[in-house]
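A short write-up of the structure that comes next.
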Amino acid sequence: MINNNKFIIWGRTFSLPVKYMQYTGQGILPEQNIALELFLKNVCFSDTVKKKVESFCYEQNKQEVQTENTDNIFRYIMPQYLFIPRNEERTVALMCSYKFNMEQGIAIVFKNETLFEVGFQDIIL
């Protein structure tokens with residue numbers, strides 16, 4: 001099931017689909033709906049989260065990024081969708097394309113409405 005939701009992420013508005021991990025013949029778990037609901041109510045894309053993303057980009061591509069602080073993070077990443085895995089934890093990931101690794105992209109993972117990890121998308125898929 002995919003729904004579109006509007007989000008303000010570091011000053012820009014995005015209309016993003018929500019993708020749920022599902023198994024064939026099984027629907028969305030109640031825990032997945034709760035994870036999305038609480039995420040939408042409580043998660044703020046703060047400067048702290050942005051700094052973690054900037055640091056990740058810098059660590060991965062120091063030559064191209066050149067500094068850990070950027071005035072426009074969207075030069076490197078672009079939000080694509082929210083991903084909600086099938087687990088009992090309240091986990092939601094903002095999946096982004098990444099200029100320097102278009103194949104993998106970046107996942108900004110939140111657990112229990114708190115930033116948990118920033119990494120390539122295989123950390124959550």
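At-a-glance table
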quantity: Debye equation applied to the C-alpha atoms of segment 39-109, log10 I(q)/I(0) at 0.12, 0.14, 0.17, 0.21 Å⁻¹; calculated: -0.34, -0.46, -0.66, -0.94
quantity: Around THR48: net Lys/Arg minus Asp/Glu count, Cβ-Cβ under 15 Å; calculated: -2
quantity: Cβ-based charge dipole, the chain, positive-most Cα from PHE7, VAL49, GLN26; calculated: PHE7
quantity: Nearest 10 degrees, 0 to 90: helix 30-42 Cα axis against the chain principal axis; calculated: 40 degrees
quantity: Candidate lysines - alpha carbon under 29 Å from LYS19, same-chain residues fewer than 8 apart omitted; calculated: LYS6, LYS41, LYS50, LYS51, LYS52, LYS99, LYS111
quantity: Using alpha-carbon coordinates, inclination of helix 47-60 to the longest axis of the chain, degrees; calculated: 70 degrees
quantity: Neighbourhood charge, 13 Å Cβ-Cβ cut-off, centred on ASN69 and excluding it, Lys, Arg +1 and Asp, Glu -1; calculated: 0
quantity: Volume per residue of the C-alpha convex hull in the chain, rounded to whole Å³; calculated: 97 Å³
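A short reminder: the numbers here are calculations on the coordinates, not readings from a lab. Just so it is clear, the model here is predicted, and its values are computed rather than measured. Note that each Cβ is placed from the backbone with ideal geometry, even for glycine, and that neighbours are counted across all protein chains shown.
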